[in-house]
Amino acid sequence: MFGLHRSLFTDEHELFRQSFRDFIAREITPNHAAWEKQKMVSREIWQKLGENGFLGIQAPESLGGMNIQDFRYNAIVIEELGLSGCSALAVGFPLHSDIVMPYILHYATESAKAKYIPKMVTGDYIGAIAMTEPGAGSDLQGILTSAVDEGDHYLVNGSKTFITNGYLSDVVVVAVKTDPGKGAKGISLLILDRDMAGFTRGIPFDKVGLHAQDTCELFFEDVKVPKENLLGKAGEGFKYLMTELAQERLVVALAAVALGEYMLGATISYVKQRKAFGKSISEFQNTRFKLAEMTAALEQGRIYCDYLVYLHNEGKLDSAMSSAAKYNMTELQCKVADECVQLHGGYGYMWEYGVARAWADARVQRIYAGTNEIMKELIARKILQ
């Protein structure tokens, strides 16, 4: 890469970056292959992340956090996980801190915050969010999981699927229908935890990629959820989801750029060493042009994402902007993945090579957090309003 100066980050940010980079080298990279085989990370790594202050830094000090309201630190965690080649962890860990935890911090009762946030900060509780159902993905208004008001509690029945961190999760933000006749205005959000009777989970899915990240189905059969576990107001869950999804899509975009940079770096190293027809592959014009194209595109993507992180810190990031970032960066990630595998030749199809795993991991980025087709619809709504 060109090594452009990134004015977004201060010396304090870079010290944090180096600390987290060292943590990855010491605690994550040596264990990643084993986690891929077991289809999930260990609970121990979550606790080590908590011990080192890498989870929920935005939580108030009274709840165990550091009250750091600066998303640049969160962006560094996402970026460094991606640059390490640990695609699955660039999804699962930020989802806990940057996607699940904000719902609880922004909308939960004080008693619920006190119950869940401190343990999420330490890594003793692992967070997940459950929106997708077997018959409802991007169309959240089509969910069927119900929550019937029983006076002092809700009675929840239904199921969710493709849930990231699902198997290990201790606390889950669940989208439910509290009033089926009101469409989007009938959706509410509840906090469920693994100790609630009737809440069970399936075995982790055998996915194409992201093998170190546990994804499974969740099942709810007459689960009694206390009223204090309602997030915000009943019937306003869809509004909360639309508000918080902007940050979720920015998280995906940041991971996409970093993972693209990881693949490009690995490919540059490979083509310098690999020889064909008596010379290094890096000497062929096709190789040089492909590397130039990817470098230019990723540098542009990095600057673009840095600007959106700046806007997000200023409270100016909107849904259309984050949708554009998610769409553009995940499309770029998949293009880079394909080009890098091609430049590796047959070795690019071998699982022992990082680009092979990154290629398999990349494809789902264009699907979750809202499909890229939905992203284009959201962008169009903004420009045509």
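Some notes on this structure:
- Counted residues, region 330-371 - those being within 22 Å of Ala130 (Cβ to Cβ) and touching an Asp or Glu at 6+ places or on another chain (Cβ under 8 Å): 2
- Matching residues in region 341-378 - criterion: being in contact with a Ser or Thr (Cβ under 8 Å, 6 or more places away or on another chain) and not in a helix (DSSP H, G or I): Tyr368, Gly370, Thr371
- Once region 178-209 is narrowed to residues that are assigned to a strand (DSSP E or B) and polar (S, T, N, Q), the residue that is farthest from Lys39 (Cα to Cα) is Ser188.
- Taken together, Tyr327, Tyr368 contain a single residue that is touching a residue at least 60 places away in the same chain (Cβ under 8 Å), aromatic (Phe, Trp, Tyr) and either over 23 Å from Lys207 (Cα atoms) or surrounded by 15 or more Cβ atoms within 10 Å (Cβ to Cβ) (or both), which is Tyr368.
- Check on Leu190, touching a residue at least 60 places away in the same chain (Cβ under 8 Å), touching a helix residue (DSSP H, G or I) at 6+ places or on another chain (Cβ under 6 Å) and buried (at least 24 other Cβ atoms within 10 Å of the Cβ): no
- Just one of the listed residues (Ala246, Ala253, Ala212) is modelled with pLDDT of 95 or more and either part of a loop (DSSP other than H, G, I, E, B) or under 26 Å from Asp306 (Cβ atoms) (or both), namely Ala253.
- Residue match in region 288-303 (condition: farther than 18 Å from Tyr262 by Cα, assigned to a helix (DSSP H, G or I), touching a helix residue (DSSP H, G or I) at 6+ places or on another chain (Cβ under 9 Å) and not hydrophobic (A, V, I, L, M, F, W, C)): no
The values are calculated or read from the model by the stated rules, or taken from the named source; none is laboratory data. Nothing here was measured: the structure is a model prediction, and the numbers come from that model. Here the Cβ is made from the backbone with ideal geometry for all residues, glycine too, and neighbour counts use every protein chain on show.
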